[in-house]
Amino acid sequence: MSLAMIFKVAVLAIFRNKTRSLLTCLGIIFGIAAVIAVLAIGKGASAMMVAEISQMGNNLLMVFPERKQAGAVHQGLGGGQTMTAEDVVAIKRELPHLVEFASPQVNAACQLMYQNKNWSTRVQGVSTDFPDIKNWTMKDGRFFNEQEERRASRVCVIGGTVASNLFADEDPVGQTIRVKNMAFKVVGVLDQKGANNWGDDQDDTVMAPYTTVSRVLQGSAFKSINMMNISLYDMDDLDEAKEEISALLRQRHKLADYQDDDFETRDTTEIMNTIGSVTGLMTVLLTVVAAISLLVGGIGIMNIMLVSVTERIKEIGLRMAIGATPFMILTQFLLESMVLSTVGGILGVALGVGVAELIGAVKHWPIVIEASSAVFSFGFSAFVGMFFGFYPAYRASKLNPIDCLRYE
C-alpha cells in the first residue's frame, strides 16, 4: 500500500468521528493560539518600547548633579547644585567628535494664566539645542533663538495640552501669558507627542530659555542646573562618551582621585534594557503557560489515539490478515495523530492571529505578527502529534492479527 493510500485511509478514519476529532484538537488549537497571541503582543510591546524610547531623545545621554541628602531624606535626580550651564558649554567645546548637541535644563513648577483661564504645569528651561536632542518639532510658530537665550528674553513655546487648556480654538502664537505673574510671549506650539512609558503627558509643558527660567522663575542666586541633555553622534560611542564626559566634569569640579563623582549619568539603553527585561520575562512566563497547554493537548491526542486503537482492533487484525505490514499500521496511526495536531495547529494560528488583532484593536496596542512564529508554531504542532502519537501507533503495529480477529 502506497503512502498516499495510507494517508487517505488515515484522513477517512478521522472524518468518521468529526466531533471527537475536533475536541481532540482543542488543546492544540488553544495552545498554538496562545503562543501566537503572546509572541505578537510581546513583539508589539518591544516595538512600542523602542518607539517611546526614541521619542525621549536622539542618542540621548543625561547627566544629573549629585543627589542631595539631609539626614535620612534623599532628594531625587536633579536636586543637587553641582553642575552649571558652563559645564555644558565645556562639553560641547571639548568633545565635538562625540557630542552633537547639548542643552542644560532647569525646571520650575508654575501657574500659567491667560485672560480668565489658568493652568498648572512644569516649565523647562532649555537651550536652542533641545528640539534636536529630544526630536521635538513645531506645529505652529518657531522655537526661541540664541539671541533670546543670551538675553534671557521672556519668550516660550508651549505643548499641545497647555495650548488646548489656555487658548481652546484661539491661535496661541503671538499671545502673552503670565507665568508666576510675569509676562511671557508665546512664540510657538510644539507638535503632539502624547504620553510616555510612565504615563506622563509630554505635551503638558512649557519651554523657555534656561537663562530666563533660572533668573526670572527660579530666582536662584546659584548658577546650578537640574540636568544636562546630551545627544551623541553615535550610540556606539556611548562608553567612550561617558568616560570622557566624566573625566572632564571631574576636572572642572576639582575632584580628587579619592572623591566620588558629584554627578550621575543615565542613558536610554539602560531604560530600554530595564523595560525589555520586564517585557521579556512576561513573554517567557506566558509562553511557558502556552507550552503547558500544548503538552495537555498532546496528552489528549495520545489518549484519544489509544482509545481509537482499542476500538479498531478488529479492523487492524483484518488489514494485517490481508497483507498490511506492522510498518503500514504504524504509519497510518502516526499520520492520523499528525493530521489531528497539524489541523489544530492551522486553526490555532488563525485563532491566535485573530485574538492578537482583537486585543490590539481594543487596547490600542501595537501588534507584530512574524511569519517565523506562525511557521514555528505550525511545525511544533506537527511534532507534538508525531511525539504523542508514536506510542499508540507503535502499540497498534505490535498487535497479533489472530488475537485482533478474535477480539470482542
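The values are calculated or read from the model by the stated rules, or taken from the named source; none is laboratory data. Nothing here was measured: the structure is a model prediction, and the numbers come from that model. Here Cβ is always computed from backbone atoms with ideal geometry, including for glycine, and neighbour counts include all displayed protein chains.
Pairs meeting the criteria (first residue in the stretch 226-244 and assigned by TED's automatic domain parsing to the domain that holds SER127, second residue part of a helix (DSSP H, G or I) and of a type in the set (Lys, Arg), beta carbons under 8 Å, at least 6 apart or on different chains) are ASN229/LYS134. Considering the stretch 154-201, the residues that are in a loop (DSSP other than H, G, I, E, B) and in contact with a Phe, Trp or Tyr (Cβ under 8 Å, 6 or more places away or on another chain) include one that is nearest to PRO104 (Cα to Cα), namely ARG154. Based on what the data block shows, is LEU255 free of Cβ contacts under 8 Å to residues at least 60 places away in the same chain, outside the structural domain of LEU39 (by TED's automatic domain parsing), surrounded by fewer than 18 Cβ atoms within 10 Å (Cβ to Cβ) and farther than 16 Å from PRO392 by Cβ? The answer is yes for LEU255. Yes or no: the stretch 92-100 includes at least one residue that is without any contact (Cβ under 8 Å) to a residue 40 or more places away in the chain and charged (D, E, K, R). Checked against the condition, which is being without any contact (Cβ under 8 Å) to a residue 40 or more places away in the chain and charged (D, E, K, R), the stretch 92-100 yields at least one hit.
Checked against the criterion of being surrounded by 14 or more Cβ atoms within 10 Å (Cβ to Cβ), over 15 Å from ALA40 (Cβ atoms) and out of contact with any helix residue (DSSP H, G or I) (no Cβ under 6 Å at 6 or more places or on another chain), the stretch 350-373 has no qualifying residue.
Let's see how each residue does on (1) closer than 30 Å to GLY354 by Cα; (2) among the acidic types (Asp, Glu); (3) at pLDDT 65 or above; (4) assigned by TED's automatic domain parsing to the domain that holds GLU243:
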{"residue": "ALA40", "(1), (2), (3), (4)": "yes, no, yes, no"}
{"residue": "LYS43", "(1), (2), (3), (4)": "yes, no, yes, no"}
{"residue": "SER46", "(1), (2), (3), (4)": "yes, no, yes, no"}
{"residue": "LEU60", "(1), (2), (3), (4)": "no, no, yes, no"}
{"residue": "ALA72", "(1), (2), (3), (4)": "no, no, no, yes"}
{"residue": "GLN81", "(1), (2), (3), (4)": "no, no, yes, yes"}
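Determine, yes or no, whether PHE376 is under 20 Å from SER21 (Cβ atoms) and aromatic (Phe, Trp, Tyr).
On the way: under 20 Å from SER21 (Cβ atoms): no; aromatic (Phe, Trp, Tyr): yes.
When the stated conditions are applied, PHE376 does not pass them.
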